[in-house]
């Protein structure tokens, strides 16, 4: 242990035990001048000898040491601009081109196609599949309203099959209603022709009257033209119970597209207000996919489609939670040959 504690007595560079590196010698001006007589090429160490000459560090001294970046020199504008990158030609901003609307589309903006039943039934004599799933107790002896009846073929079939006390078909298109009324007059006149001379109808026109509430077809059927969507919610307070059953087949899409969420909600609330206690609402709603096919019919329809929040699959929940219906039942999804007509029928 005593040998390991022996302090060194010899130091390089002339140092001693108190100054092993002999740093105190640098404080001597005479020694400092001798050591720093030759300034190294780089600091703190010179370039090693094994490095090639081209890799040696060279110090460039600017011509004007007071302005090393030559910022005070005059600017040659032509030379300056020649060094600039060429200005990129801005690309034209693409215009937001909306859909193109055709004036002829306005004619059928409410889904008021005069050949609707021709699309729906491949054969004119073919029975409407929806009739198979409708129950007599929903209609027999009751006052019924059909919203969006078109030319009234299904309305007529319900009146003929289930004998409601009265059945009123309603549509926004007066031309379709005129066709429905014309067909109804023919049916009534044919039935009553035996009661009066033929000359009476020739001289005085149709001898048929409106629905008389007898429940006997065709006297139990009538048609009116009008828009079921009220102009404002305030008018809902004027509605009173009138019907035991209200049906709305494949019409909600057109109400939705033309009058938006607010218009459809108002129609649902009017239906509820016009039903007697315990009344039924029979609904066949189109899916949202069919909306997309018609969204470009008119500018109003296009804007309403973009702002839709109440989707068809949420109608039932809205009718129960917000409107006041107690329950709903899925009756059937008629398997029509055309998939687009396979729409669920539900009763609330």
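Each reported figure results from applying straightforward, stated rules to the coordinates on display, with no laboratory input. Everything numeric here is computed off the predicted structure, so don't read it as measured data. Here the Cβ is made from the backbone with ideal geometry for all residues, glycine too, and neighbour counts use every protein chain on show.
Take peptides 232-242, 130-140, 167-177, 8-18 and line them up by average Cβ neighbours within 10 Å, highest first, as a rough protection proxy.
So the peptides 232-242, 130-140, 167-177, 8-18, ranked by packing, come out 167-177, 130-140, 232-242, 8-18.
Suppose the Debye formula is applied to equal point scatterers at every Cα of the stretch 128-347; what is log10 I(q)/I(0) at q = 0.13, 0.16, 0.17, 0.18 Å⁻¹?
The calculated log intensity ratios at q = 0.13, 0.16, 0.17, 0.18 Å⁻¹ are -0.79, -1.15, -1.27, -1.40.
Going by average Cβ density within 10 Å per residue, which order do the peptides 266-275, 327-336 take, highest to lowest?
266-275, 327-336
Using 0.36 nm per residue, how much length does the chain from residue 16 to residue 187 gain when fully extended, once their Cα-Cα distance is taken away?
Net length gain for the segment: 48.1 nm.
What share of the DSSP beta bridges in the stretch 128-347 is antiparallel, in percent to the nearest 5?
Taking every DSSP beta bridge within the stretch 128-347, about 25 percent pair in antiparallel fashion.
What ranking, highest mean first, results for peptides 150-160, 290-300 when packing means the other Cβ atoms within 10 Å averaged over each residue?
The peptides rank, most packed first, as 150-160, 290-300.
From Cα pairs below 8 angstrom and at least 6 apart in sequence, can you work out the relative contact order of the stretch 222-348, rounded to a whole percent?
About 26 percent, as a whole number.
Sort the stretch 252-348 into rounded, prolate or oblate with this rule: let a ≥ b ≥ c be the square roots of the eigenvalues of the Cα gyration tensor; rounded if a/c is under 1.5, and if a/c is not under 1.5, prolate when a/b is larger than b/c, oblate otherwise.
The shape class here is oblate.
Grab the Cα-Cα distance for residue 127 and residue 174, subtract it from 0.36 nm times how many residues apart they are, and report the gain in nm with one decimal.
14.4 nm
What percent of all Cα-Cα pairs in the stretch 220-264 falls in each 10 Å bin, counting up from 0?
Bins of 10 Å from zero give 19, 50, 29, 2 percent of pairs.
Could you work out how much longer the chain between residue 66 and residue 79 gets when fully extended? Use 0.36 nm per residue separation minus the Cα distance between them, nm to one decimal.
So the chain would gain 2.3 nm between residue 66 and residue 79.
Treat each spin label as a single point 7 Å out from the Cα along the C-beta direction, and report the residue 295 to residue 26 distance in nm.
A separation of 8.0 nm, rounded to one decimal place.
Taking neighbour counts of Cβ atoms within 10 Å as a proxy for exposure, in what order, fewest first, do 161, 252 appear?
161, 252
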